[in-house]
Amino acid sequence: MTNPLEKYNKPTILLFVKAPYPGKVKTRLAETIGEVAALEAFKLLVIKQLERIPPEFELEVHYTPDEAESEVAAWLGEDLKRFRQEEGDLGDRLTAATKAAFARGAASVYCIGGDCPGLDASHFLLAAEQLRQGADLCFGPTEDGGYYLLAMAAPHSEIFREIPWSTRHTLATSILRAEEHGLNVHLLEELYDIDTEADLNRAAQEELL
């Protein structure tokens, strides 16, 4: 009998994005360069991120809001697997998405956003190697206290509970949750994401855009 579930049996990247609407993305950046320019920067960042994903990885796009599927498909491509993000805070959405990806047969799961210009194929491969060597989780830290990548060898929803999201304590608290549950954590190199005009200029100077 054919298994009704689609089996990936390979590492799977979950890209979390907002629909490309002006005024709804990169709001801090928009304060200085305007909503339209911030939207264009956001769209370019995500496209560049897609170009840096290793070809041997599966990719899922997890988008919000629910009604934005056609816009996301037109922007990122009709052929990409697309899933609506669940309701709730970021922890709820990460929990639901990672559990579902593993249930579909992902061998490991890598959660990312689309706004870290330094994140390239090497980071995914390094994270994969750490998971193969026994790490339960692999985080890619950002300079502002968050993380640009989370790699998981199995679903661990406990690390998404009671986290101060979008603060300088996000990563530290996430690691604490992991340690409380006896999980082995590895850290990648620290990178930065794009929140301000200074960040955007820095990425341009480093020829990452």
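The values are calculated or read from the model by the stated rules, or taken from the named source; none is laboratory data. Keep in mind it's a predicted model, so treat the numbers as computed, not measured. Virtual Cβ from ideal backbone geometry, glycine too; neighbours counted across all protein chains shown. Ligands, DNA and RNA are stripped out before the accessible areas are found, and what is left, the full protein with its side chains, is counted by its heavy atoms. Shrake-Rupley method; radii C 1.70, N 1.55, O 1.52, S 1.80 Å.
For the range 118-158, what is the accessible area per residue in Å², given a 1.4 Å probe and the full set of protein chains?
34 Å²
Can you list which of the trypsin sites (Lys or Arg not before Pro) found in the range 34-69 are DSSP loop residues with at most 14 other C-beta atoms within 10 Å?
none
What trypsin sites (Lys or Arg not before Pro) in the range 159-209 are in a loop by DSSP, with at most 12 other Cβ atoms within 10 Å of the Cβ? Provide the component values of the computation, followed by the final result.
Working: sites: ARG161, ARG168, ARG177, ARG202; in loops: ARG161, ARG168.
Hits after loop and neighbour filter: ARG161, ARG168.
Counting only the backbone N, which residues of the range 106-122 are under 20 Å from the spot 7 Å out from the Cα of LEU50 toward its beta-carbon?
Correct set: 110-122.
To check my understanding: the extent here is largest minus smallest coordinate of the Cα atoms along each principal axis. What are those three numbers for the range 155-209, in Å, largest first?
So the three principal-axis extents are 41, 21, 17 Å.
Using a Gaussian network model of the chain whose springs link C-alpha atoms within less than 10 Å, name the residue from LEU39, LEU94, LEU80 with the highest mean-square fluctuation.
Most flexible of the set in this elastic network: LEU80.
Please compute the contact order of the chain in relative form: average sequence separation of alpha-carbon pairs under 8 Å and at least six residues apart, divided by the residue count, as a percent.
Details: 368 pairs, mean separation 47.9, N = 209.
Rounded, it is 23 percent for the chain.
Which one of PHE57, SER157, ALA41 has its Cα pushed farthest toward the positive end of the charge dipole of the range 1-158, where Lys and Arg give +1 and Asp and Glu give -1 at the Cβ?
PHE57
At 0.36 nm per residue, minus the direct Cα-Cα distance, what do LEU126 and GLU190 gain on full extension? Give it in nm, one decimal, please.
21.7 nm
For the range 72-209, give the percent of accessible area contributed by carbon and sulfur heavy atoms, probe 1.4 Å, rounded to a whole number.
Answer for the range 72-209: carbon and sulfur cover 47 percent of the accessible area.
What size of dipole, in debye to the nearest 20, comes out for the chain about its Cα centre when the only charges are +1 on Lys and Arg C-beta atoms and -1 on Asp and Glu C-beta atoms? Display every interim value, and only then the final one.
Working: 20 positive and 36 negative charges, 102 e Å.
I would put it at about 480 debye.
Between the DSSP loop rule and a limit of at most 11 other Cβ atoms within 10 Å, which GluC sites (Glu not before Pro) in the range 177-209 are left?
Passing sites in the range 177-209 are GLU189, GLU206, GLU207.
Once you list every other residue whose beta carbon is under 15 Å from the beta carbon of VAL36, what net charge do they have if Lys and Arg are +1 and Asp and Glu are -1? Please list the in-between numbers first.
Numbers: positive: LYS24, LYS26, LYS43; negative: GLU31, GLU35, GLU40, GLU197.
With Lys, Arg at +1 and Asp, Glu at -1, the neighbours total -1.
For the range 1-109, give the magnitude of the charge dipole about the Cα centre (Cβ charges: +1 Lys/Arg, -1 Asp/Glu; no others), in debye to the nearest 20.
Charge dipole, the range 1-109, about its Cα centre: 320 debye, nearest 20.
Defining a contact as two alpha carbons under 8 Å apart and six or more residues distant in sequence, what relative contact order in percent does the range 105-156 show?
45 percent
Counting helices only, and only those DSSP H runs with n ≥ 4, report the 222 nm mean residue ellipticity of the chain as the sum of -39,500 (n - 2.57) divided by its residues, in deg cm²/dmol to the nearest 500.
Dividing the helical sum by the residues of the chain leaves -11500 deg cm²/dmol.
Here are some pairs, LYS10/LYS48; LYS18/LYS99; LYS18/LYS48; LYS26/LYS48; LYS10/LYS43; which of them have Cα atoms lying more than 18 Å apart in this structure?
LYS10/LYS48; LYS18/LYS99; LYS10/LYS43
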